[in-house]
Amino acid sequence: MSLTADDRPFEDFHSRHPPFPSFFNVNHSSEPSPDNAGQTAITQSDSTGPDQGMTSENTDSDLTRTHIKSFVRRRGHISDAQKRHFEANLPLWGIPFQTNALDAAAIFGRQAPCWLEIGFGMGETTARIASAHPDVNYLGVEVFTAGVGALLKRIEEQSIRNIRIINHDVVEVLRDMIPDGSLQRVMIYFPDPWPKARHHKRRLIQPPFIASLVPKLAPGGILHCATDWEHYAFQMLEVLSAEKGLRNTVAEGFAPRPDTRPLTKFENRGIKLGHGVWDLLFERI
């Protein structure tokens, strides 16, 4: 689970991070991850990444052959309610990891646009988006049990029926389960910023991961990222702008927050305090 805007308050940016250097000049030392913060439920390559023209097959192979975790598995707090819903309802609304491509129409029982959210945290935003778009087949990928249990609780309490959850590493999910061209929208909201320069290599939005993700989008499909860390926002912009399979939906820079991403209580409080949030919307060419 990432430390999303659902889960953590805003802080002053300058107290959290020094003036940022160019993304490509950050320290890529191989120090271990800290174990005192929740991490995004993904893995990320530790290499410099493939050329942008690489095929998706080669990209997936390179990404999964040598990568470091962008999350830390550890014994974390899970409430009794989260544990209960995880155990009782994951068989109802979960999809076990498999090495065969998903048949979304069979899983959801209908043909509909498919959206994927990566690292949904405690699921507040996920539940709101899925409820507002009942005509969408909504896939959520999250590695942490507490977050999965929290979203399953929301699904039951709010009678949401268009969400399915994959409790697994998204690098392997993309590689083995998501067919090319099958997604109309991918959402990555407030992934862990890994603020220390020596840990920037663990951030999710890096060229190898994006190169593996882009083929899963249908032509015209949207990749929507959001962060409240300015340094990470500019890294995201640099990486996405360099990907040949994507184009920015605005003339340049960052996009206004679209209605498809609702404000959370922590984000709204941060905005009132003058803190920034940066949205990026890129389209599959």
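Here are the numbers for this structure:
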| quantity | calculated |
| --- | --- |
| Full-extension gain in nm, residue 251 to residue 161, via 0.36 nm per residue minus C-alpha separation | 28.7 nm |
| Proximal lysines to residue 216, defined as alpha-carbon separation beneath 18 angstrom and excluding residues fewer than eight positions away on the same chain | 244 |
| Relative contact order, percent, segment 140-285 [alpha-carbon distance under 8 Å, six or more residues apart] | 24 percent |
| Net length gained if the chain between residue 98 and residue 244 were fully extended (0.36 nm per residue, minus Cα distance) | 49.6 nm |
| Computed magnitude of the charge dipole of segment 169-285 (debye, nearest 20; Cβ of K, R +1, Cβ of D, E -1) | 240 debye |
| Sorted peptide list for 89-101, 259-271, criterion being average Cβ within 10 angstrom, highest first | 259-271, 89-101 |
| Stretch gain in nm, segment residue 133-residue 80, where the contour uses 0.36 nm per residue and the Cα spacing is subtracted | 16.1 nm |
| Loop-resident sites, segment 154-243, for trypsin sites (Lys or Arg not before Pro), counting at most 15 other Cβ within 10 Å (DSSP) | 161, 196 |
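Here, each number is a calculation from the coordinates, and none is a lab measurement. In this text the structure is predicted, and so the values were computed from the model without any measurement. Cβ: placed from backbone, ideal geometry, glycine included. Neighbour counts: every protein chain shown.
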